[in-house]
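The values are calculated or read from the model by the stated rules, or taken from the named source; none is laboratory data. Bear in mind the structure is a predicted one, so any value in this text is a computation, not a measurement. A quick note on method: Cβ atoms are made from the backbone with ideal geometry, for glycine too, and the neighbour counts reach across all protein chains shown. Just so you know, the surface numbers come from the protein's heavy atoms only, side chains and all, with ligands and any DNA or RNA stripped out. Shrake-Rupley method; radii C 1.70, N 1.55, O 1.52, S 1.80 Å.
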Amino acid sequence: MIRTVVWGENVHEQTSETVASVYPDGMHNCIAAALNEDPGISATTATLQEAEHGLRQARLEATDVLIWWGHAAHGEVSDEVVDRVAEAVWGGMGLILLHSAHFAKIFKKLMGTPCSLTWREAGERERLWVTTPGHPIAHGLPEFFELEHEEMYGEPFRVPEPLETVFISWFQGGEVFRSGLTYRCGAGNVFYFRPGHETYPTYYDTNVRLVLRNAVKWACPGSERIRSVGEAPNRETENAPELIEERGPKLHTDGQGGFR
């Protein structure tokens with residue numbers, strides 16, 4: 001069973017009648033329901049409004065894959081929680097970023113770039129082409145699928161060169177966008193998936209829901225999580241694999257931690 005947490009900002013659902021009418025139970029619950037259609041996935045939810053945003057250390061340690069959707073309140077996410085999530089990813093937890101999460105603190109931290117793009121909110125048709133047909137995230141999909149109404153994202157998308165580009169989108173206005181990108185961050189698998197503007201019923205779409213389930217399976221760690229991945233212990237001379245003699249001056253005493 002793949003233990004998955006769907007993190008939702010849960011702001012637009014509370015402030016916009018349009019969004020509330022499309023997702024009356026919240027986008028995070030809609031996404032979790034899509035995942036729970038697969039008997040191999042157990043999805044629960046967390047939101048910005050919960051204590052520690054619902055992402056306490058113990059919960060992250062029990063999570064195989066975290067899904068993140070944010071838009072209006074990126075700045076309200078605690079830096080402490082962001083650091084906690086980043087360490088979990090570096091240790092092997094999978095992470096899936098959706099739509100406006102390209103500007104989420106956690107994505108920008110992991111990418112080390114502005115993650116900026118061009119955009120237009122005009123409800124135009126989006127056609128997503130599968131550019132890597134054999135990829136597990138694209139399993140069961142046609143060569144392309146369409147969303148009748150979506151927000152446009154356009155290039156340049158200022159992110160690092162991905163390991164794989166699984167989807168490229170075309171929009172009615174003529175722009176294209178790399179809409180499905182994979183990364184390896186430390187020991188963690190990371191996937192960015194573009195569709196998901198909150199005023200449109202994107203997360204009810206059959207193909208989008210399939211992509212999300214496939215992505216969870218792909219992002220799930222294949223080995224045990226690396227714990228305390230941020231530690232940098234001092235390996236003392238007598239503990240070296242081979243016998244050596246210390247030479248030259250030293251800045252540190254034996255057992256002293258390194259500078260941070």
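Expressed as a fraction of 2.2 N^0.38 Å, the value expected for a compact globular protein of N residues, the C-alpha radius of gyration of the stretch 68-195 is 1.06. Comparing N234, Q14, V208 along the charge dipole axis of the chain, the residue lying farthest to the positive side is N234, per the Cβ-charge model. Were the residues from A58 through R127 laid out at 0.36 nm apart, the gain over their Cα-Cα distance would be 20.8 nm. For the stretch 92-143, the list of GluC sites (Glu not before Pro) that fall in a loop by DSSP and count at most 10 other C-beta atoms within 10 angstrom reads E143. Per residue of the chain, the DSSP helices (runs of n ≥ 4 H) give a summed -39500 (n - 2.57) that works out to -6000 deg cm²/dmol at 222 nm. Roughly speaking, to the nearest percent, how much of the stretch 149-189's 1.4 Å accessible area is carbon and sulfur? Ligands and nucleic acids excluded, carbon and sulfur reach 52 percent.
Given R₀ = 25 Å, what would the calculated FRET efficiency be for F144 paired with W119, taking r from the Cβ atoms and rounding to 0.05? Step by step, r from the Cβ atoms, then E = 0.70.
Using 0.36 nm per residue of separation minus the Cα-Cα distance, give me the extension gain between R260 and N207 in nm, one decimal. Taking R260 through N207 to full extension adds about 14.5 nm, to one decimal. Here the stretch 18-68 exposes an accessible surface that is 50 percent carbon and sulfur, computed with a 1.4 Å probe and the other protein chains kept in place. In order along the stretch 183-199, the Karplus-derived 3J(HN,Hα) couplings, from 6.51 cos²θ - 1.76 cosθ + 1.60 at θ = phi - 60°, round to 9, 10, 10, x, 9, x, 8, 10, 10, 9, 10, 6, x, x, 5, 5, 8 Hz, and Gly and Pro are given as x.
The length gained by stretching the chain between E50 and D25 to full extension, at 0.36 nm per residue less their Cα-Cα distance, is 7.4 nm. Which of the GluC sites (Glu not before Pro) across the stretch 189-248 are loop residues per DSSP, with 14 or fewer other Cβ within 10 Å? Answer in residue order: E224, E231, E236, E242, E245, E246. Computed about the Cα centre, the dipole magnitude for the stretch 9-152 is approximately 420 debye when only Lys and Arg (+1) and Asp and Glu (-1) carry charge, each at its Cβ. Between the alpha-carbon centres of the stretch 234-260 and the stretch 143-215 there is a gap of 48 Å. Here the chain yields Rg over Rh of 1.05, to two decimals, using C-alpha coordinates and the Kirkwood radius.
The residues of the stretch 150-216 expose on average 31 square angstrom of accessible surface per residue, using a 1.4 Å probe on protein heavy atoms. The overall shape of the stretch 1-145 is rounded: from the C-alpha gyration tensor, with semi-axes ordered a ≥ b ≥ c, the ratio a/c is less than 1.5. Charges were assigned to the Cβ only: +1 to each Lys and Arg, -1 to each Asp and Glu. The resulting dipole of the chain about its Cα centre is roughly 360 debye. Cβ-Cβ distance of E231 and Q172, R₀ of 41 Å, FRET efficiency by 1/(1 + (r/R0)^6): the value works out to about 0.20. Per residue, the stretch 1-128 exposes 40 Å² of solvent-accessible protein surface, assessed with a 1.4 angstrom probe and all protein chains in place.
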